[in-house]
Amino acid sequence: MRALVTGGGGFLGSGIAKSLHEKQHDVTVVGRHHYSHLPKGIKLFQGDIRDFDFLRKIIVGMDAVFHTAAFPGIWGRAEDFYSINVDGTHNVIKACLINGVRKLIFTSSPSVVYGSSSLEGVDETVPYPENYLSEYPRTKAIAEKLVIEANSPDLATVSIRPHLIWGPGDPHLVPRLLAKADKGRLVRVGQGENRVDIIYIDNAVYAHLKACDALGIGKPSAGKVYFVSDGEPVNLWEWINEVLEKTSRPPVTRSISYRTATRLGYFLEKIYNWGNIKKEPPMTRFLASQLATSHYFNISLAKKDFGYGPVVNPEEGMNRLIQSLSNPQEC
């Protein structure tokens, strides 16, 4: 199989590219930088998914495209979120259709169905909310809809919704957590009883590869979306404290109410917008809601349609994570 991975230098994208390469597939990676950590034999093209002419040329001859590239985060210019997450996805779809690609595997996010209230064990029938607290989930939802609509007799599409990817090499979740802890800025929001889904990096990669294997024109997974996770939600603040304990850091002891955090987030968003401050505020309404509410999902459909199941259990994943933090050069 000839496969292209957009965002192939990122945490998930590079994991998918490496796994495909190990399985002897012909792999091409598209990214905006040079990625020396990728194995030799993987073709790398530097470019931007917002550049349609670039994409059209690179996608020639591909059998499958894994579209993991995105503008993530909880803060930033609305036009940046839209141009990368929406316009970029539109370009990927158009390039696939022009070049006769048969499979498009899109990395979405469970946040596309998150408004501000808890989501507990919901499945893929849960609707999109009317309003979003952040541009990231709003634009990812638009992109996901584009991918669903693109499913046709010419192109089979599937959208995977992994939640809070973690593990060795994670550049976002755990490093941010530890950095805040080291600065004494970790504060629990809410009662500390909320449960959330997380997914170990190997499990997220496996879900995408299994979805690709099962995908095809007219197949059960074509045109659908799927939640994937480690299979069991964790108590968010207990999990955070476990990471802190295993890295010899004190647990989170300070807390503020969800209401207070929401009001603070609203105030800071106004100030940062008014002052055109590009740095991420220490609190936003979206962050407050993510830290205080439950958000975990039913992954039965992924198990049924393409045989997904975690390949690394949480205990083993935590051991690997802690070992990688102790020996970062091995990541």
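The values are calculated or read from the model by the stated rules, or taken from the named source; none is laboratory data. Keep in mind the model is a prediction, meaning the values are calculated, not measured. Quick reminder, even Gly has a Cβ in these numbers, built from the backbone with ideal geometry, and neighbours come from all protein chains shown.
Below are the figures for this structure:
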item	result
Output for the range 292-324, where each listed residue is under 21 Å from the mean Cα position of the chain (by Cα), surrounded by fewer than 21 Cβ atoms within 10 Å (Cβ to Cβ) and hydrophobic (A, V, I, L, M, F, W, C)	Leu301, Val311, Val312, Met318
Residue satisfying condition, being touching a strand residue (DSSP E or B) at 6+ places or on another chain (Cβ under 9 Å), modelled with pLDDT under 95 and not basic (Lys, Arg), within set His25, His21, His33	His33
Test for Gly218: is it under 30 Å from Val65 (Cα atoms) and modelled with pLDDT under 95	yes
Residue list for the range 46-76, filter: under 23 Å from the mean Cα position of the chain (by Cα), among the aliphatic types (A, V, I, L, M) and at pLDDT 95 or above	Ile49, Leu55, Ile59, Ala64, Val65, Ala69, Ala70
Filter result for the condition that a residue is buried (at least 24 other Cβ atoms within 10 Å of the Cβ), within 22 Å of Glu149 (Cβ to Cβ) and at pLDDT below 95, over Gly7, Gly88	Gly7
Matching entry among Val252, Val196, Val234, Val228 (being in contact with a strand residue (DSSP E or B) (Cβ under 7 Å, 6 or more places away or on another chain), touching a residue at least 12 places away in the same chain (Cβ under 8 Å), of a type outside the set (D, E, K, R) and farther than 23 Å from Asn313 by Cβ)	Val252
Some residue of the range 39-52 being in contact with a Leu (Cβ under 7 Å, 6 or more places away or on another chain), surrounded by fewer than 19 Cβ atoms within 10 Å (Cβ to Cβ) and not hydrophobic (A, V, I, L, M, F, W, C)	no
Subset of the range 92-107 [without any contact (Cβ under 8 Å) to a residue 60 or more places away in the chain, over 24 Å from Tyr132 (Cα atoms) and of a type outside the set (D, E, K, R)]	Ala95, Cys96, Leu97, Ile98, Asn99, Gly100, Val101, Leu104
Those residues of the range 110-151 which are of a type in the set (S, T, N, Q) and either touching a residue at least 24 places away in the same chain (Cβ under 8 Å) or within 13 Å of Thr89 (Cα to Cα) (or both), in sequence order	Ser111, Ser116, Ser117, Ser118, Ser134, Thr139, Asn151
The lone exception for Ala211 - which of (1) within 18 Å of Ala288 (Cα to Cα); (2) of a type outside the set (Ser, Thr, Tyr); (3) surrounded by 15 or more Cβ atoms within 10 Å (Cβ to Cβ) it fails	(1)
Residue that is farthest from the chain's Cα centre (by Cα), among those in the range 133-145 that are buried (at least 20 other Cβ atoms within 10 Å of the Cβ) and of a type outside the set (Gly, Ala, Ser)	Leu133
Neighbours by Cβ (under 7 Å, 6+ apart or cross-chain): first from the range 201-225, closer than 10 Å to Val158 by Cβ and hydroxyl-bearing (Ser, Thr, Tyr); second at pLDDT 95 or above and surrounded by fewer than 20 Cβ atoms within 10 Å (Cβ to Cβ)	Ser221/Ala214; Ser221/Asp305
Test: residue in the range 109-124 that is touching a Pro at 6+ places or on another chain (Cβ under 6 Å) and over 23 Å from Tyr308 (Cβ atoms)	yes
Of residues in the range 295-331 being of a type in the set (S, T, N, Q), farther than 14 Å from Val228 by Cβ and touching a Gly at 6+ places or on another chain (Cβ under 9 Å), the one modelled with the highest pLDDT	Asn313
Lone unmet requirement of (1) aromatic (Phe, Trp, Tyr); (2) touching a Gly at 6+ places or on another chain (Cβ under 6 Å); (3) touching a residue at least 24 places away in the same chain (Cβ under 8 Å) for Phe54	(3)
Residue selected from the range 268-319 under the condition of a type in the set (Val, Ile, Thr) and touching a strand residue (DSSP E or B) at 6+ places or on another chain (Cβ under 6 Å), by the criterion nearest to Thr125 (Cα to Cα)	Ile299
